[in-house]
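The values are calculated or read from the model by the stated rules, or taken from the named source; none is laboratory data. This one's a predicted model, so the numbers in the text were calculated from it and none came from an experiment. Glycine also receives a Cβ, built like all others from the backbone with ideal geometry; neighbour counts cover every protein chain displayed. All accessible areas refer to the heavy atoms of the entire protein, side chains included, with ligands and DNA or RNA removed. Shrake-Rupley method; radii C 1.70, N 1.55, O 1.52, S 1.80 Å.
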Amino acid sequence: MTLDEGIERFIFTVATGRCGQASLTQLVQNHVPGCYPAFEEPQVRSILPRPFDTYERLFRRRFVETHELLGRGKVLRAFESDDHDYIDAIVARRLRFTRNAMMQRRATLYFDISKFFARGLHVGFLKAAKRYALVNLVRDPIQNMRSFLNRDKRFTLDNSLPEARSNILRISSPDLAPGEFYLWSWCELNLRYERMSQSNAVTHAIEILTEHLEDAQRMNAAFDALGLVHSPVVPLLPDNTNLEKGLPATTATEADIKLFECFLDRIPTQLRDRIPYLKGYDPWAIHEFRNAKERAPARAQ
């Protein structure tokens, strides 16, 4: 089974998470006709009212819209062990779901916007798609780390451990600080994007920075670079989901920057040089400016 049956174009997103996937999905939904933007599908859309919706969600993640279809659980372990047959089987099930959703929307363009794609499912999807475009959705690595730490999520729910043999950047994890796991994930996914983008099957490959999602000019240029037919982009207002949930603002600290610099020393130079974002990246200059801006008193209206 191939993804090409009944679908004309395919775009896949490499993303760490906490980097603007929901905003990118909304922009595509608003401005790209004939497109099915799949945001971390399959989602569980609960039917039961509270508090029963929690139990419904747990049941459906286990038996219906499973962790495996999402790209977690056994998919992560299959990727670690090179069990591509298992991943291919999961992708085949996802494709049936995808085709049904696209038929309902009369869509011919599939735009996968998910942090799970490049964590294992890409093995099967890229085999099935044959020709595709890639988007690397990138947030500042220190802000990305801080946002995950604020959420206090279990790292292994969505990630393999850094020492897994399937990784490009393999690092022993027992001596890593909590934040270094997310810095590793940021680097690993950027390296995976760079590797995937070298394939002859790639028709377009672009990088979108999280801050570009609020810039109409840059997003118009990004959609043009992907060869998309689209209406003029109207930027979205910034959406801080941490603050919505009563969590701390994503502000880098001096300790965060020092941790980042220590982590860079763990990365072999030949791998670090393969991540374009890090070339000329000065976290002290960038984050001192951002933090000073946040500390500045509001101007009188």
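A few points about this structure:
- If only the Cβ of Lys and Arg carry +1 and only the Cβ of Asp and Glu carry -1, the dipole of the chain around its Cα centre is close to 720 debye.
- Cα gyration tensor, the range 73-159 - rounded (a/c under 1.5), prolate or oblate: oblate
- Among Asn30, Thr13, Tyr55 - extreme Cα towards positive end, dipole of the range 1-158, charges at beta-carbon: Tyr55
- Here is the list for the range 69-121: trypsin sites (Lys or Arg not before Pro) lying in DSSP coil, each with at most 14 other C-beta atoms within 10 angstrom of its C-beta, are Arg106.
- Two numbers describe the Cα atoms of the chain: Rg and Dmax, which are 19.5, 62 Å.
- Fully extending the segment from Leu271 to Gln198, taken as 0.36 nm per residue of separation minus the present Cα-Cα distance, adds 24.7 nm.
- About the centre of its Cα atoms, the range 159-216 shows a dipole size close to 420 debye [charges on the beta carbon of Lys, Arg (+1) and Asp, Glu (-1) only; nearest 20 debye].
- Restraint check, Lys130/Lys279; Lys153/Lys258; Lys74/Lys127; Lys74/Lys279; Lys127/Lys279; Lys115/Lys258, Cα-Cα greater than 29 Å: Lys130/Lys279; Lys74/Lys279; Lys127/Lys279
- Annotation note: chymotrypsin sites (Phe, Trp or Tyr not before Pro) in the range 64-173 located in DSSP loop regions with a Cβ neighbour count of at most 11 within 10 Å are absent.
- Choice from Asn144, Asn100, Asn30 with maximal GNM fluctuation in the chain (Cα, 10 Å cutoff): Asn100
- Prolate/oblate/rounded label for the range 131-243 (Cα gyration tensor, a/c 1.5): oblate
- Carbon/sulfur fraction of accessible area - the range 11-64, other protein chains in place, 1.4 Å, %: 58 percent
- Sequence-distant residues sharing a close amide H with Thr13 (under 5 Å, placed H): Asp112, Ser114, Val135
- Modelled FRET efficiency - R0 30 Å, Ser231 with Arg290, Cβ distances, 0.05 increments: 0.40
- Within the chain, no whole DSSP H helix has Cα atoms reaching 18 Å or more along its own axis together with a mean Kyte-Doolittle score of at least 1.0.
- Förster radius 25 Å - calculated FRET efficiency between Thr54 and Ala177 (Cβ-Cβ, nearest 0.05): 0.20
- Cα gyration tensor category, rounded, prolate or oblate, for the range 1-91 with a/c compared to 1.5: oblate
- Apportionment of accessible area to carbon and sulfur, the range 99-212, percent (1.4 Å): 48 percent
- For the chain, the relative contact order is 24 percent, taking Cα pairs closer than 8 Å that sit 6 or more residues apart in sequence and dividing their mean separation by the residue count.
- Fully extended contour minus Cα-Cα distance, from Asp88 to Gln29, at 0.36 nm per residue: 18.4 nm
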